[in-house]
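The values are calculated or read from the model by the stated rules, or taken from the named source; none is laboratory data. The shown structure was predicted, so the numbers you read here are calculated from the model rather than taken from an experiment. Ideal geometry is used to build each Cβ from the backbone, glycine not excepted, and the neighbour counts take in all protein chains shown. Protein only, heavy atoms only, side chains kept; ligands, DNA and RNA dropped before computing areas. Shrake-Rupley method; radii C 1.70, N 1.55, O 1.52, S 1.80 Å.
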Amino acid sequence: SSGINAEYGGQLKDAFNGCVAGDAEFVSKAIARAETLYNQNLADKVDKFAKDNDGSLFGDLVGMAVDKFTSVDDIKAFFDMHITEDISEDALIIRQKALAAAKNWCDSGCTDQSAAFLQSLFNHMNGGSCSSADEFCGECADRADSWFSARGNQLPCCVDDVVQKAIKAYDYVIENYEDVIEEARAAVQGGLSESAIAEAQEIAAELQAEFDCVAEVYNGNQPECTHA
């Protein structure tokens, strides 16, 4: 299956590159066409959604976006203003590493390994009060922990490699761009209603609790792997 996905992705990439090679303005024309279609078919609906859901987190966010970005040029100007050379260079490095990780994932057969792992883990977790993916804390976490306790059960090293790379990337972003993130958070919060802020805080607390449960199970059952 991973080979088919890689082949299909390669065909899409070749087709896109062919369009660009045949028309130097292909990308700009495609963007302009997408903007026209959005204004014709979706703009009014999005604006109505924002007004109908005013005071909710998602409604406020959509409303802020509608007010700030009225065209593709607005979006480009926003990114030109906030994306520094350092951010662009880091983004390029991250892209290169992500492509290398994706290739390694496919070459190592990690798709099949991770599918077998998830099927076995989820089958073991399913039961009792653990019948939904909405909440991991509680019995789902206990069942996951018990699955790892069985002999021979562990997270595939190729999956753990991705997890470790993601942790390193997160730590790097926080270390180098915490001020930028805080500035963006403050700017967004400044445009939200009190009810939307309360909703965001509630969602953040729930996500943090779930993350902590997942982290506890992972840290308690981390496989012994050698990572490059």
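Below is a table of values for the structure above.
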item: Flag if D107 is charged (D, E, K, R), surrounded by 15 or more Cβ atoms within 10 Å (Cβ to Cβ), out of contact with any strand residue (DSSP E or B) (no Cβ under 6 Å at 6 or more places or on another chain) and modelled with pLDDT of 90 or more; result: no
item: Residue in region 84-103 that is under 25 Å from N153 (Cβ atoms) and either among the hydroxyl-bearing types (S, T, Y) or open to solvent by less than 70 Å² (accessible area, probe 1.4 Å) (or both) present; result: yes
item: Any hit, region 185-197, residues being under 22 Å from the mean Cα position of the chain (by Cα), open to solvent by 80 Å² or more (accessible area, probe 1.4 Å) and under 21 Å from A133 (Cα atoms); result: no
item: Single residue of F136, F117 found to be in a loop (DSSP other than H, G, I, E, B) and open to solvent by less than 90 Å² (accessible area, probe 1.4 Å); result: F136
item: Pair list, Cβ < 6 Å and 6+ apart or interchain, from region 16-39 residues that are more than 14 Å from D73 (Cβ to Cβ) and part of a helix (DSSP H, G or I) to residues that are modelled with pLDDT of 80 or more and not polar (S, T, N, Q); result: none
item: N176 open to solvent by 70 Å² or more (accessible area, probe 1.4 Å), in contact (Cβ under 8 Å) with a residue 12 or more places away in the chain and of a type in the set (S, T, N, Q); result: yes
item: Breaking point among (1) in contact with a helix residue (DSSP H, G or I) (Cβ under 8 Å, 6 or more places away or on another chain); (2) small (G, A, S); (3) under 20 Å from V214 (Cα atoms); (4) at pLDDT below 95, for A141; result: (4)
